[in-house]
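Okay, so here's the structure we're looking at.
The values are calculated or read from the model by the stated rules, or taken from the named source; none is laboratory data. A quick note: this is a predicted structure, and the numbers were derived from the prediction, not measured. As a convention, Cβ positions derive from the backbone with ideal geometry for all residues, glycine included, and neighbour counts pool all protein chains shown. These area figures cover heavy atoms from the full protein model, side chains too; ligands, DNA and RNA do not enter into them. Shrake-Rupley method; radii C 1.70, N 1.55, O 1.52, S 1.80 Å.
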Amino acid sequence: MQEYITKDKLPLIFGVIGFILAVLFFTVGFFKTILLIIITGIGVAIGKYLKDNGILDNYLKK
């Protein structure tokens, strides 16, 4: 089992992501799920931008 997880990590991760998206589509609805994905993507992009530029380094080191 451990060999399968280490060897096929990427398909396992995307399988879990697909399962989570399917559950969200059925429980929350299509458009709310798409909005959630877009807002999460924007949050990740802002976080990556702040990390790459070091804007918050002074505040986080305190």
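Average 1/r across all pairs of distinct alpha carbons in the chain, invert it, and you get the Kirkwood radius: 14.5 Å. Between Leu12, Leu21, Leu35, the GNM of the chain built on Cα springs shorter than 10 angstrom shows Leu12 fluctuating the most. Legend: residues Tyr59, Tyr49, sorted from most to least accessible area (1.4 Å probe; ligands, DNA and RNA excluded), read Tyr59, Tyr49. On the basis of the beta-carbon distance and an R0 of 30 Å, Leu56 and Leu36 show a calculated FRET efficiency of 0.75. Farthest toward the positive end of the dipole of the chain, out of Ile20, Gly43, Gln2, is the Cα of Gly43, where the dipole comes from beta carbon charges about the Cα centre. Think of each Lys and Arg Cβ as +1 and each Asp and Glu Cβ as -1; about the Cα centre, that makes the dipole of the chain roughly 200 debye.
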